[in-house]
């Protein structure tokens, strides 16, 4: 089964559903769902925990336009109530559409590359600028969003680790040059790319949804450090099938999807026997129990396999649904249950956005690859494992002035079992040596490969925008000595302190940011300071 088969099936569903186009469209519909990780999406999480929007699952993202309708606040008692998104929606017969904001982002780094959770953008040393714009439309069950991005990075030179390497290898990752496609620099000159960005074509018919997308996906409850998929890299082209909205099953509701796509390496990836492309397959789902509003319990699973030269088969499609233990897979692979061309990540997670409490708690626990059996799982719970824990707390000083305290910690360090159990850095794989990446950037938590990170932020929301102060810590790498044990002063760690101001105007949002970044033991050498400045202008139509 090839991608063109899936796209043909999508076209059939579209033709079957368009007959309902005129009657299915509400006059006040919003054409587009919020971009994953966007300002709007984060604000809607706050509306849920303050009781101004109904509880709704957010651990399976991106959202559909129908989901966005269900998240509309119940009243106007919040700081940004004066921002009327519906006023920008236009109608052309049965089609409702809107021009998406034109967004211009400019970043500056004084000493070395720094930036995360910004999609396709890679912000090197010097100036980096990106521009994205597009249009979103709905016609009954069919919705389309076209939102490409172009960016140019000045990519000024800085001291590289591994300077004795030759060719493109000199730009490879400083610590894992042979086992992850995570370049420390994208070549010797300016770096530019045109990306399809947050583009999605989907059909939602009854309880089901099917489509094609290049948009970022966010699996699990994290805000900054999702273990499986987030917005730290470009979205990869994929077809998906799943539920159009949470389905009532009596004891609660379920919501989920399966995705199948193509992942590519950067020009600075390590040598790979399986080629530049990989086949990505994954499944994510959540369950909301009846009687516990705001509670979500879910799981996700994601596979990297070599791109099938002879076409995608049924076994590729059902790969994410196979058994989770090596013992049960031994007969189809080898006596150890290992598939030498198979890299897996899996996680379980929860989110509890307690309605009207002002509090949200969440967590995620993930594993790399399989366990042999349940005994192995329970006895070696921290082997090749990682976790993320976080919370948000809102204090409503008035209807138009909120304070939000946010904290999140992600730990993916090699555990104490390293002397007796073989372990590798999170997201690092073999023999598929690109790791959990797309075009040279990590698909999940930006600090996951280095050992984890943490942040604490204080936000003040008011009618004219937001103030934020953020303190962060991101591990870049950790050296291991004899027996896999860490030695003193063996960690390369970034400490950061930043302030950000968002100004909301009638037709434009302006964001100014400044962050000081102290890289301690940079590349296991001297400390280095970097000043990161950012400016974002979004023009709404």
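The values are calculated or read from the model by the stated rules, or taken from the named source; none is laboratory data. Computed from a predicted model, the values in this text were never measured in an experiment. As a convention, Cβ positions derive from the backbone with ideal geometry for all residues, glycine included, and neighbour counts pool all protein chains shown.
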Among the residues listed as 65, 101, 73, the single one being in contact with a strand residue (DSSP E or B) (Cβ under 8 Å, 6 or more places away or on another chain), at pLDDT below 90 and farther than 25 Å from residue 297 by Cβ
65
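For every residue, the table says whether it meets (1) part of a loop (DSSP other than H, G, I, E, B); (2) in contact with a helix residue (DSSP H, G or I) (Cβ under 7 Å, 6 or more places away or on another chain); (3) without any contact (Cβ under 8 Å) to a residue 40 or more places away in the chain.
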{"residue": "203", "(1), (2), (3)": "no, yes, no"}
{"residue": "212", "(1), (2), (3)": "no, yes, no"}
{"residue": "215", "(1), (2), (3)": "yes, no, no"}
{"residue": "235", "(1), (2), (3)": "yes, no, no"}
{"residue": "263", "(1), (2), (3)": "no, no, no"}
{"residue": "269", "(1), (2), (3)": "yes, no, no"}
Condition check for residue 275: free of Cβ contacts under 8 Å to residues at least 60 places away in the same chain and not in a strand (DSSP E or B):
yes
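Residues are listed down the side, and each one gets a yes or a no for (1) in contact with a strand residue (DSSP E or B) (Cβ under 7 Å, 6 or more places away or on another chain); (2) closer than 25 Å to residue 215 by Cβ:
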| position | (1), (2) |
| --- | --- |
| 359 | yes, no |
| 363 | yes, no |
| 400 | yes, no |
| 410 | yes, yes |
| 424 | no, no |
| 440 | no, yes |
Report the residue count in the stretch 283-313 for those that are in contact with a helix residue (DSSP H, G or I) (Cβ under 8 Å, 6 or more places away or on another chain) and under 25 Å from residue 248 (Cβ atoms).
3
Would you mind stating whether residue 360 is assigned to a strand (DSSP E or B), in contact with a helix residue (DSSP H, G or I) (Cβ under 6 Å, 6 or more places away or on another chain) and closer than 23 Å to residue 59 by Cα?
yes
Counting only residues that are without any contact (Cβ under 8 Å) to a residue 60 or more places away in the chain and under 23 Å from residue 236 (Cβ atoms), give me the strands (runs of 3 or more DSSP E) lying completely in the stretch 120-176 with at least 3 of them.
126-132, 149-153
Mind checking which residues of the stretch 243-261 are over 30 Å from residue 186 (Cβ atoms) and either touching a helix residue (DSSP H, G or I) at 6+ places or on another chain (Cβ under 8 Å) or touching a residue at least 60 places away in the same chain (Cβ under 8 Å) (or both)?
244, 245, 246, 253, 255, 256, 257, 258
Number of the condition not met by residue 375 [criteria: (1) on the phi < 0 side of the Ramachandran plot; (2) under 28 Å from the mean Cα position of the chain (by Cα); (3) surrounded by fewer than 16 Cβ atoms within 10 Å (Cβ to Cβ); (4) modelled with pLDDT under 90]:
(2)
Criterion (at pLDDT 85 or above, out of contact with any strand residue (DSSP E or B) (no Cβ under 8 Å at 6 or more places or on another chain) and crowded, with 19+ Cβ neighbours inside 10 Å) met by exactly one of 81, 53, 92
53
Across the stretch 89-112, what is the total count of residues that are in a loop (DSSP other than H, G, I, E, B), closer than 22 Å to residue 38 by Cα and within 27 Å of the chain's Cα centre (by Cα)?
2
Count, please, the residues in the stretch 25-39 that happen to be modelled with pLDDT of 85 or more and either at positive phi or touching a helix residue (DSSP H, G or I) at 6+ places or on another chain (Cβ under 9 Å) (or both).
0
If we keep only residues of the stretch 237-252 that are modelled with pLDDT of 95 or more and in a loop (DSSP other than H, G, I, E, B), then the residue surrounded by the fewest Cβ atoms within 10 Å (Cβ to Cβ) is 250
Hits in the stretch 384-413 (condition: buried (at least 21 other Cβ atoms within 10 Å of the Cβ) and not in a strand (DSSP E or B)):
384, 412
If we keep just the residues of the stretch 177-195 that are assigned to a loop (DSSP other than H, G, I, E, B) and surrounded by fewer than 18 Cβ atoms within 10 Å (Cβ to Cβ), which is modelled with the lowest pLDDT?
178
Condition first: over 21 Å from residue 100 (Cα atoms) and part of a loop (DSSP other than H, G, I, E, B). Now tell me which residues in the stretch 490-541 satisfy that.
521, 525, 526, 527
Answer yes if at least one residue in the stretch 481-489 is crowded, with 19+ Cβ neighbours inside 10 Å and assigned to a strand (DSSP E or B), and no otherwise.
no
Matching residues, the stretch 428-441, being modelled with pLDDT of 95 or more and either surrounded by fewer than 23 Cβ atoms within 10 Å (Cβ to Cβ) or touching a helix residue (DSSP H, G or I) at 6+ places or on another chain (Cβ under 9 Å) (or both)
439, 441
Scanning the stretch 490-508 for residues that are crowded, with 16+ Cβ neighbours inside 10 Å and more than 23 Å from the chain's Cα centre (by Cα), which turns out nearest to residue 156 (Cα to Cα)?
492
